[in-house]
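Contents: one structure, followed by commentary.
The values are calculated or read from the model by the stated rules, or taken from the named source; none is laboratory data. This one's a predicted model, so the numbers in the text were calculated from it and none came from an experiment. A quick note on method: Cβ atoms are made from the backbone with ideal geometry, for glycine too, and the neighbour counts reach across all protein chains shown.
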Amino acid sequence: MSNVAYFILYVAHQQHSATFYEAALGIAPRLHVPGMTEFDLPGGGVLGLMPEHGIVRLLGPALPDPALARGIARAELYLLVDDPAQCHARALRAGARELSALAHRSWGHTATYALDPDGHVLAFASVAHSADRPD
């Protein structure tokens, strides 16, 4: 078995978030059962969507209740893709809220940012070619 990184977001409503990410990413989930939805991410890795009440039930009172921070950016999913503008537009059509339009970033990427329905930051980026970078 190879190593795979899972990035799991705690969500208020699993089905609503699964529908959003299926539309925003343009791919169907690889797993969708009560308590977990999974998507294969570009370049490897897995995005998991777990209901907030599920992680609280799993880990108990030692974990601060994620519902108390709903709507506050708690995580960022940063995806390197071929066409960040197209991916960003698809996410906006799916119900994301734009935070920052496509722009060249100081770290050498062209990236755009939005908020998903649970308040997680969703970024789509590509490596900027030297001719595309601002002087």
Where residue 48 falls short, out of the listed (1) under 16 Å from the mean Cα position of the chain (by Cα); (2) small (Gly, Ala, Ser); (3) on the phi < 0 side of the Ramachandran plot; (4) modelled with pLDDT under 95 = (4)
note = Here the qualifying pairs (Cβ atoms under 6 Å; residues six or more apart or on different chains; first in segment 115-135 and crowded, with 17+ Cβ neighbours inside 10 Å and of a type in the set (Phe, Trp, Tyr); second modelled with pLDDT of 90 or more and part of a helix (DSSP H, G or I)) come out as 124/84; 124/87; 124/88
ask   = Looking only at segment 84-107, which residues are exposed (fewer than 14 other Cβ atoms within 10 Å of the Cβ) and over 28 Å from residue 15 (Cβ atoms)?
value = 100, 101, 103, 104, 106, 107
query = In segment 80-93, is there at least one residue being more than 21 Å from residue 45 (Cβ to Cβ), in contact (Cβ under 8 Å) with a residue 60 or more places away in the chain and within 14 Å of the chain's Cα centre (by Cα)?
reply = no
message = Among the residues of segment 42-60, what is the count of those that are within 22 Å of residue 87 (Cα to Cα), surrounded by fewer than 19 Cβ atoms within 10 Å (Cβ to Cβ) and hydrophobic (A, V, I, L, M, F, W, C)?
response = 1
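Only one residue in 64, 117 is at negative phi, modelled with pLDDT under 85 and outside any strand (DSSP E or B). Which one? I'd like the intermediate steps shown before the answer.
Details: 117 fails: modelled with pLDDT under 85.
That would be 64, the only listed residue that is at negative phi, modelled with pLDDT under 85 and outside any strand (DSSP E or B).
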query = Can you pull out the residues in segment 20-37 that are surrounded by 16 or more Cβ atoms within 10 Å (Cβ to Cβ) and in contact (Cβ under 8 Å) with a residue 12 or more places away in the chain?
reply = 20, 21, 22, 24, 25, 36, 37
remark   = Just one listed residue, out of 97, 74, 105, is in contact with a strand residue (DSSP E or B) (Cβ under 9 Å, 6 or more places away or on another chain) and at pLDDT below 85, and it is 74
